Amino acid sequence: GLKQDLFHRHKEAQQCCRPHNLPLLRAAQQREMEAMEQQIREEQRMMDEKIVLELDQKVIDQQSTLEKAGVSGFYITNNPQELTLQMNLLELIRKLQQKEAEAEKRFS
């Protein structure tokens, strides 16, 4: 949206500009567009970092909850190998619950 607004403003300015000033105007507009794109990239990077930190906190919360519940193999860690093991354990638990639910449906 910001880029479109800037583009429209630039187009209007170019239409009102005298021909001998057009190269200067276009150069200034190019710098303005590059500055805006840099700002957007920086804001996106900051948003990405915030999301990663929130996801990391969710993982820690989940590990803590499962550890307190006494589920074997769960404790707070950020070791990639241990995280992979915990994810595989969760997937196994999910599949076992799914099979159990399917078996209960067949017998009821």
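The values are calculated or read from the model by the stated rules, or taken from the named source; none is laboratory data. Please read all numbers here as calculations on a predicted model, not as lab measurements. Don't worry about glycine lacking a Cβ; one is built from the backbone with ideal geometry, like all the others, and counts go over all protein chains shown. Only protein heavy atoms, including side chains, enter the accessible area calculation; ligands, DNA and RNA are left aside. Shrake-Rupley method; radii C 1.70, N 1.55, O 1.52, S 1.80 Å.
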If you take the residues in region 1-24 that are of a type in the set (A, V, I, L, M) and open to solvent by 100 Å² or more (accessible area, probe 1.4 Å), which one is farthest from ILE40 (Cα to Cα)? LEU24
Go through (1) closer than 17 Å to ASP56 by Cβ; (2) of a type outside the set (S, T, N, Q); (3) in a helix (DSSP H, G or I); (4) over 25 Å from the mean Cα position of the chain (by Cα) and name the single condition LEU83 misses. (4)
For a quick check of your reading of the model, give me the residue pairs whose first member lies in region 32-45 and is closer than 19 Å to PHE7 by Cβ, whose second is assigned to a helix (DSSP H, G or I), with beta-carbon atoms closer than 7 Å and at least 6 apart or on different chains. GLU32/LEU6; MET33/LEU6; MET36/LEU2; MET36/LYS3; MET36/LEU6
